[in-house]
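Asks: Can you keep this structure in mind? I'll have questions shortly.
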Amino acid sequence: MTNSLPEMAEIWQQTLNWQPTVQQQSQFQRLYEFILEGNRQLNLTRITDPQEFCEKHLWDSLRGIAPQGKFISSFQDSASVIDIGTGAGFPGIPVTITAPNCTITLMDSTRKKITFIETILNSLALTNAKTLVARAEEIGQQPQHRQAYDIALIRAVGTASVCAEYALPLLKRGGLAIIYRGNWTQDETTALKNAANQLGGIIESIEKFTTPLSQSIRHCVYLRKVATTPIQFPRATGVPTQKPL
Ligand code: SAM
């Protein structure tokens with residue numbers, strides 16, 4: 001039998017001033033069970049312990065959309081969100097569960113991960129998410145995706161400059177890219193400033209925080225799109241990682 005996830009009601013309340021509804025808590029539990037099951041065939045995550053899953057997948061995903069501990073206001077409205085390189089669905093699926101008014105596009109270049117996510121979305125009756133098998137470098141040049149999103153989420157996909165090149169072309173002007181990181185250095189800030197500048201973005205804030213159970217260090221970098229991204233970005237597939245800005 002699968003373990004139950006801890007409820008963490010107090011932790012949610014203290015850190016995000018929010019608590020999942022009974023339905024959301026049961027969707028988190030079902031998500032956890034799917035991930036454990038999916039792990040048998042696909043190498044999805046090494047995080048399988050229920051506490052760790054809660055902290056490193058659920059809480060971490062939601063902390064990113066809550067700068068300074070408050071959900072960003074566009075999550076109350078019908079924001080259009082993309083999760084770039086969603087893998088097994090993080091941070092995108094917890095965000096989909098938590099922000100029913102938003103439309104979330106869960107995107108990854110690996111077909112089998114997206115097929116797995118589609119099973120989860122159907123089973124959890126999550127109708128506010130869409131899936132997309134694609135590379136960030138390609139959709140950044142397609143009119144139906146370029147400048148189409150209010151918020152881009154990106155966790156564990158590449159260096160911050162690479163993430164910026166993937167995310168900023170997809171955003172509307174005024175949109176926000178949220179880059180999830182573990183550690184962060186001053187050198188990364190310098191490199192990212194330079195990259196963001198070329199892509200029409202600025203670093204709005206960098207938040208350092210600790211996770212609530214294991215007190216691990218995390219950072220979230222918030223990039224605001226302030227100008228149109230020049231048409232040469234994103235560059236062709238593979239170039240952003242091989243020749244980072
Ligand atoms: N975001 C998830 C998480 O934090 O658990 C998954 C992270 S996993 C380490 C990186 C994922 O990004 C992989 O599933 C990979 O297929 C995807 N990916 C890497 N480069 C990509 C690109 N250029 N376009 C789309 N997906 C990409």
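Asks: If you go through the stretch 205-225 one residue at a time, how many are surrounded by 14 or more Cβ atoms within 10 Å (Cβ to Cβ) and over 15 Å from W184 (Cβ atoms)?
Replies: Total satisfying the criteria: 4.
Asks: Is there any pair linking a residue in the stretch 191-208 that is more than 19 Å from L170 (Cα to Cα) and polar (S, T, N, Q) to one that is open to solvent by less than 40 Å² (accessible area, probe 1.4 Å) and outside any loop (DSSP other than H, G, I, E, B), with Cβ under 6 Å and at least six apart or on different chains, and which?
Replies: So the pair list comes out as S205/Y222.
Asks: Same structure, new question: Take the stretch 1-57 and flag every residue that is in contact with an Asp or Glu (Cβ under 7 Å, 6 or more places away or on another chain) and open to solvent by 40 Å² or more (accessible area, probe 1.4 Å).
Replies: Listed by number, the list holds a single entry, T2.
Asks: Hey, any hits in the stretch 184-198 for a residue that's acidic (D, E), away from the ligand (no atom under 15 Å from the Cβ) and either over 21 Å from G69 (Cα atoms) or under 19 Å from the mean Cα position of the chain (by Cα) (or both)?
Replies: Within the stretch 184-198 (the criterion being acidic (D, E), away from the ligand (no atom under 15 Å from the Cβ) and either over 21 Å from G69 (Cα atoms) or under 19 Å from the mean Cα position of the chain (by Cα) (or both)), the answer is yes, since at least one residue qualifies.
Asks: Restricted to the stretch 193-212, and to residues that are part of a strand (DSSP E or B) and touching a helix residue (DSSP H, G or I) at 6+ places or on another chain (Cβ under 9 Å), which residue is farthest from I151 (Cα to Cα)?
Replies: Residue satisfying both the conditions and the ranking: F209.
Asks: Being within 13 Å of the ligand (Cβ to nearest atom), β-branched (V, I, T) and free of Cβ contacts under 8 Å to residues at least 24 places away in the same chain narrows it down to one of T127, T115, so name that one.
Replies: T115
Asks: Among the residues of the stretch 88-112, write down those that are buried (at least 21 other Cβ atoms within 10 Å of the Cβ), within 10 Å of the ligand (Cβ to nearest atom) and more than 21 Å from A148 (Cα to Cα).
Replies: Result: A88, single match.
Asks: C163 versus (1) on the phi < 0 side of the Ramachandran plot; (2) open to solvent by 10 Å² or more (accessible area, probe 1.4 Å); (3) within 12 Å of the ligand (Cβ to nearest atom): which is the lone unmet condition?
Replies: That leaves (2) as the condition not met.
Asks: Just the residues that are within 15 Å of G89 (Cα to Cα) and more than 9 Å from the ligand (Cβ to nearest atom), please, taken from the stretch 134-146. Break it down into steps so the answer makes sense when it comes.
Replies: Here is the first cut: in the stretch 134-146, the ones within 15 Å of G89 (Cα to Cα) are 134.
Listed by number, the list is empty, since nothing qualifies.
Asks: I'd like to verify a number: residues in the stretch 213-233 that are outside any strand (DSSP E or B) and under 19 Å from the mean Cα position of the chain (by Cα), how many? Break it down stepwise before answering.
Replies: If we filter the stretch 213-233 for residues that are outside any strand (DSSP E or B), which is where we start, we get 213-216, 226-233.
Checking the rest, the ones that are also under 19 Å from the mean Cα position of the chain (by Cα) come to 216.
So the answer is 1.
Asks: Within the stretch 172-183, which residues are within 16 Å of the ligand (Cβ to nearest atom) and either touching a residue at least 60 places away in the same chain (Cβ under 8 Å) or within 18 Å of R224 (Cβ to Cβ) (or both)?
Replies: Within the stretch 172-183, A177, I178, I179, Y180, R181 qualify.
Asks: To continue, here is another question. Take the residues in the stretch 61-85 that are within 16 Å of the ligand (Cβ to nearest atom) and open to solvent by 10 Å² or more (accessible area, probe 1.4 Å); name whichever of them is nearest to the chain's Cα centre (by Cα).
Replies: Looking at residues that are within 16 Å of the ligand (Cβ to nearest atom) and open to solvent by 10 Å² or more (accessible area, probe 1.4 Å), I get G85.
The values are calculated or read from the model by the stated rules, or taken from the named source; none is laboratory data. A quick note: this is a predicted structure, and the numbers were derived from the prediction, not measured. With ideal geometry, Cβ positions are generated from the backbone for all residues, glycine too; neighbour counts draw on all protein chains shown. Keep in mind that these areas ignore ligands, DNA and RNA; they rest on the heavy atoms of the full protein, side chains included. Shrake-Rupley method; radii C 1.70, N 1.55, O 1.52, S 1.80 Å.
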